[in-house]
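The structure under discussion appears below in the form of structure tokens.
Throughout, read-outs are computed from the coordinates displayed, never taken from laboratory work. Predicted model only: the values in this text are computed from it and were never measured. When we count neighbours, we look across all protein chains shown, and the Cβ atoms used for this are built from the backbone with ideal geometry, even at glycine.
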Amino acid sequence: MKNYLLVGAGFSGAVIGRELAEVGHQVTIVDSRSHVAGNCHTERDPDTNVMLHVYGPHIFHTDDQEVWEYVNRFSSFKDYTNRVKTTSRGQVFSLPINLHTINQFFGKTLRPDEAKAFIEQQADTSIEDPKTFEEQALRFVGNDLYEAFFKGYTQKQWGCHPSKLPASILKRLPVRFNYNDNYFFHRYQGMPEHGYTRLVEGILDHPNITVKLNTRFERSQAQDYDHVFFSGPLDGFFDYEQGRLGYRTLDFEKFTDKGDYQGCAVMNYGEEEVPYTRITEHKHFSPWEEHEGTVCYKEYSRECGPDDIPYYPIRLVEEKEMLGNYIALANQTTGVSFVGRLGTYRYLDMDVTIREGLDAARQFLSHVERGETVPAFFVQPL
């Protein structure tokens with residue numbers, strides 16, 4: 001039996017901690033916040049009893065059957081289909097762009113094959129190898145759809161013109177030539193019936209796991225444990241000695257109303273003139289519940305400051321160079337492995353975070369059993 005320290009009580013820390021605890025090791029998990037589940041934290045609104053996604057909405061979706069079965073061990077899940085709407089030019093459209101969106105936007109009644117040919121005519125085929133977000137969008141959907149649905153929203157979300165962003169951000173352009181408005185393609189989709197915090201609490205519910213909230217990690221603590229798994233900010237572990245990695249953060253303006261405010265869970269605002277990126281109405285994330293009141297969040301994106309919660313890693317040229325320096329430092333550090341979204345400076349969906357947590361725990365145990373050196377990263381950040 002060994003003693004392991006997990007820094008961060010989000011999905012990474014909880015999953016790795018549970019795997020180690022189940023084979024008999026003692027696990028301590030610390031988190032600087034007053035709750036578990038990290039940015040997936042959910043809680044009941046005291047006035048309306050609506051389940052709030054405190055740090056913004058999270059919808060569970062995956063094609064990974066083992067991950068789906070894993071989360072269902074610790075919480076009952078309810079069916080949930082994410083259907084997103086957006087306002088543009090005085091109308092409400094369906095996202096991702098689908099046959100209904102195309103016909104409504106262009107005032108047509110195209111069939112799937114006709115719509116595909118029509119969009120190909122809109123596309124800027126002179127762009128053979130898109131390098132930027134803007135070029136990627138123009139190449140595949142043309143200027144009109146780009147201006148209406150991508151340009152303003154992206155500029156607000158990332159704080160810079162889409163011509164400054166890499167094409168990889170828009171890896172697979174979400175355009176469908178049918179009327180399917182399910183935002184995700186994945187086989188398994190749903191919501192934990194009692195929220196994500198209850199789900200993570202279930203993962204952490206093991207006699208070999210001790211959770212300490214409102215507790216900051218100090219590097220000197222590492223010597224008290226056989227190994228440390230760090231899911232906090234990679235640059236923060238090294239006291240930002242190479243500088244701060246860039247993130248976008250979110251501000252939320254909460255407001256309440258009676259009845260149904262917007263008729264859907266997520267309404268995007270694609271125009272740059274509207275300062276917020278979207279409004280989320282949280283009762284719609286639990287459609288099996290009934291509430292007289294409603295709670296909405298206006299969501300604003302901005303550059304992350306030293307005291308802000310980091311959400312989206314920027315990963316442009318400057319950040320990648322700095323990240324390389326931190327990776328070199330991490331590889332020189334023994335007894336610590338860096339995991340999760342912040343520890344590897346990558347945007348990760350929940351299912352990928354859980355998959356990587358399961359894999360990291362198994363790789364770690366295998367390394368220990370063979371007497372091998374445990375790597376700083378189980379998944380390479382670059």
The distance between the Cα centres of the range 319-382 and the range 66-133, in whole Å, is 33 Å
Once the dipole of the chain is set up from charges on Cβ (+1 Lys and Arg, -1 Asp and Glu), the residue from the list I127, F255, H41 lying farthest towards its positive end is I127
Dipole check, the chain, charges on Cβ (K,R +1; D,E -1), about Cα centroid: among P306, N178, M322 the Cα furthest to the positive pole belongs to N178
Expected sort for 347-353, 85-91, 36-42 on mean C-beta neighbours within 10 Å, highest first, is 36-42, 347-353, 85-91
Using alpha carbon centers only, the range 253-290 is separated from the range 2-44 by a whole-angstrom value of 31 Å
Measuring from the longest principal axis of the C-alpha atoms of the chain, the long axis of helix 133-145 (C-alpha) lies at a number of degrees, nearest 10, equal to 30 degrees
To the nearest 10 degrees, the tilt of helix 317-331 (Cα long axis) against the first principal axis of the alpha carbons of the chain is 20 degrees
As straight-line cross-link partners of K78, the qualifying lysines (C-alpha separation under 16 Å, not fewer than 8 residues apart within one chain) are K283
In degrees rounded to 10, the 0-90 angle between helix 350-370 Cα long axis and the longest Cα principal axis of the chain is 30 degrees
Residue-normalised 222 nm signal for the chain, counting each DSSP H run of n ≥ 4 as -39,500 (n - 2.57), nearest 500 deg cm²/dmol, is -9000 deg cm²/dmol
Excluding residues fewer than 8 positions from K212 in its own chain, the aspartates and glutamates with Cα under 16 Å of it are D31, E201, D224
Projected onto the charge dipole of the range 97-170 (unit charges on the beta-carbon of Lys, Arg, Asp and Glu, signs +1, +1, -1, -1), the Cα from H161, F140, N103 with the largest positive-side position is that of H161
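Counting pairs on different chains as well as pairs 8 or more places apart, how many Lys pairs in the range 97-170 have Cα atoms under 21 Å apart? Walk me through the numbers before you get to the answer.
On the way: K108/K116; K131/K151; K131/K156; K131/K164; K151/K164; K156/K164.
Lysine pairs meeting the criterion: 6.
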